[in-house]
């Protein structure tokens, strides 16, 4: 799903700048060719999507923009307050900045860890010849169950004061630590939980590795390339489209994390694990500040859009599409 | 590699092991996986749930939500995917781009306005906010099924057309039976996401009788009130069983689905 320039020239779609260039003359021409019946059936088939888009996405997003300029506690009607919410957020809400910093730290550390881990394991699995299927299945298992509440609860106990992790350290004669009770380490338990679920990224990398023609490696061995050189000159460049896709999806995913900070640490200790979505949830659904929550959602959307745009923009420099002349 | 895999699976084994330990000994030798004695009664104890509501209720609730919303999202997504993949209509590209953008839009963006909307309809504490939106297609599944339909030769459609089949006939008689594997993949993922869904029930459900397993488990495991650790781990284990079963039966579809489409967990 790496967005490429559309093969047809009447419409060029640049992701994610949302820039759509249409050639009106060609559209008019093609419009003549398409029969009214085809248009009608087409719209009939996609009508559930259109209704959903209007009612469940477009309207809510616009309504959220409106709400972000108001004060609204679900009772009565929203009161217009202009930029107050944004002003308060940026100048008068230390918790907002804390949650922002925590989220950037969490996503900035956890996403690269997961991706590097996924790539290394995929490389190892690609070399193995025996029981690949079994390993693949077993290593994917944490991802399958990872999103569930049961795993978050388990993680809380695993790293608890008398949890398994401390028990192992104790048995090995190492000092134990209050992992979830120390503001310095609590966020790391969440990062480890995120990294543990590397399975789906691993599968995508594995599929990408299988697509690299063997002849490339054979030819380079003849030329005397060593495995490390092969990795940096062949494997990595050819995997870049997959890396791009994984990075974008994981960054969005990481910024939107909620369940781990809600269940494992509940934001504590000393607010060291209040991720952005958790703070937004609290503002909106515990303090019933719908306007403020909406303003937070918009700030988040802008950040994610900018990050995604930045990743795609920079991808011109590092993503290599096969058959493309450099 | 074996060691690494075992290390990765340790937490899961620990969860299952702890569910069989006697509550008072769960944390005495926490690192042990295999308990000294197997306490299956944890499962019976845990199943009794809390506040007089057993896990039978929670499981039934979860199944109702999951099954209806999975059927809804798979059927509507297939319909929409066919429209995008095979019919040429004006504005198709524009709507397709809209769909791809919705796919990247996080749920958290529409969480607050949707809540206000459904609250206005009086849908709080019903399953409607959890189920109804799935009937308008899920962008991810639409995309997955479009990719699959594109691999079906158009000659089939044309042959059916010559035989007098209309667009709807082609969809029901030719395409539907052929996209079953893609629908299966979508159904499995829908099952996972719905089963694990926590935010939705947390926002919309207020009566414990209506809770699905995920929310019940959260309440059951409240760190301030849990005393019966064995039972808590037992119910956590049970909540994962449907996921495991589906995974081991259908893992081929899942792995293929992820590998070909680049699906995230």
(request) Would you point out which residue out of A:169, A:190, A:180 is in contact (Cβ under 8 Å) with a residue 24 or more places away in the chain and in a helix (DSSP H, G or I)? (result) A:190
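Is at least one residue of segment A:231-240 part of a helix (DSSP H, G or I) and in contact with a strand residue (DSSP E or B) (Cβ under 9 Å, 6 or more places away or on another chain)? It would help to see each step written out before you state the result.
First, pick out the residues of segment A:231-240 that are part of a helix (DSSP H, G or I): A:231-240.
Now drop any that are not in contact with a strand residue (DSSP E or B) (Cβ under 9 Å, 6 or more places away or on another chain), which leaves none.
No, because not a single residue in segment A:231-240 is part of a helix (DSSP H, G or I) and in contact with a strand residue (DSSP E or B) (Cβ under 9 Å, 6 or more places away or on another chain).
Just to confirm my filter: which helices (runs of 4 or more DSSP H) fall fully inside segment B:1-110 and include at least 3 residues that are facing another protein chain (nearest Cβ under 9 Å), farther than 18 Å from residue A:52 by Cα and free of Cβ contacts under 8 Å to residues at least 40 places away in the same chain? Before the answer, list the steps.
Working: elements: B:2-18, B:41-47, B:55-86, B:92-104.
Where helices (runs of 4 or more DSSP H) fall fully within segment B:1-110 and carry at least 3 residues being facing another protein chain (nearest Cβ under 9 Å), farther than 18 Å from residue A:52 by Cα and free of Cβ contacts under 8 Å to residues at least 40 places away in the same chain, they are B:2-18.
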(request) State all residues of segment B:223-236 that are within 8 Å of another protein chain (Cβ to nearest Cβ) and either modelled with pLDDT under 80 or within 17 Å of the chain's Cα centre (by Cα) (or both); if no residue qualifies, say none. (result) B:223, B:236
(message) Checking residue B:235 against (1) out of contact with any strand residue (DSSP E or B) (no Cβ under 8 Å at 6 or more places or on another chain); (2) in a helix (DSSP H, G or I); (3) surrounded by fewer than 22 Cβ atoms within 10 Å (Cβ to Cβ), only one condition comes out false. Which one?
(response) (3)
(request) Scan segment B:197-214 and give yes if some residue there is more than 8 Å from every other protein chain (Cβ to nearest Cβ), in contact with a strand residue (DSSP E or B) (Cβ under 7 Å, 6 or more places away or on another chain), over 25 Å from residue A:156 (Cα atoms) and in contact (Cβ under 8 Å) with a residue 60 or more places away in the chain, otherwise no. (result) yes
(request) Mind telling me which of the residues A:234, A:187, A:243 ends up being farther than 29 Å from residue B:106 by Cα, under 29 Å from the mean Cα position of the chain (by Cα), more than 9 Å from chain B (Cβ to nearest Cβ) and crowded, with 16+ Cβ neighbours inside 10 Å? (result) A:234
(message) Which numbered condition in (1) more than 22 Å from residue A:212 (Cα to Cα); (2) assigned to a helix (DSSP H, G or I); (3) touching a helix residue (DSSP H, G or I) at 6+ places or on another chain (Cβ under 8 Å) is the only one that residue A:135 fails?
(response) (1)
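Considering segment A:51-72 alone, what residues qualify as being facing another protein chain (nearest Cβ under 7 Å) and more than 10 Å from residue B:113 (Cα to Cα)? Reasoning before the result, please.
Of all residues in segment A:51-72, those facing another protein chain (nearest Cβ under 7 Å) come to A:51-53, A:56-57, A:60-61, A:63-64, A:67.
Scanning segment A:51-72 gives A:51, A:52, A:53.
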(request) Sort through B:152, B:145 and tell me the only one that's in contact with a helix residue (DSSP H, G or I) (Cβ under 7 Å, 6 or more places away or on another chain), part of a helix (DSSP H, G or I), more than 9 Å from chain A (Cβ to nearest Cβ) and touching a residue at least 12 places away in the same chain (Cβ under 8 Å). (result) B:145
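The values are calculated or read from the model by the stated rules, or taken from the named source; none is laboratory data. All values derive from a computational prediction rather than experimental measurement. With ideal geometry, Cβ positions are generated from the backbone for all residues, glycine too; neighbour counts draw on all protein chains shown.
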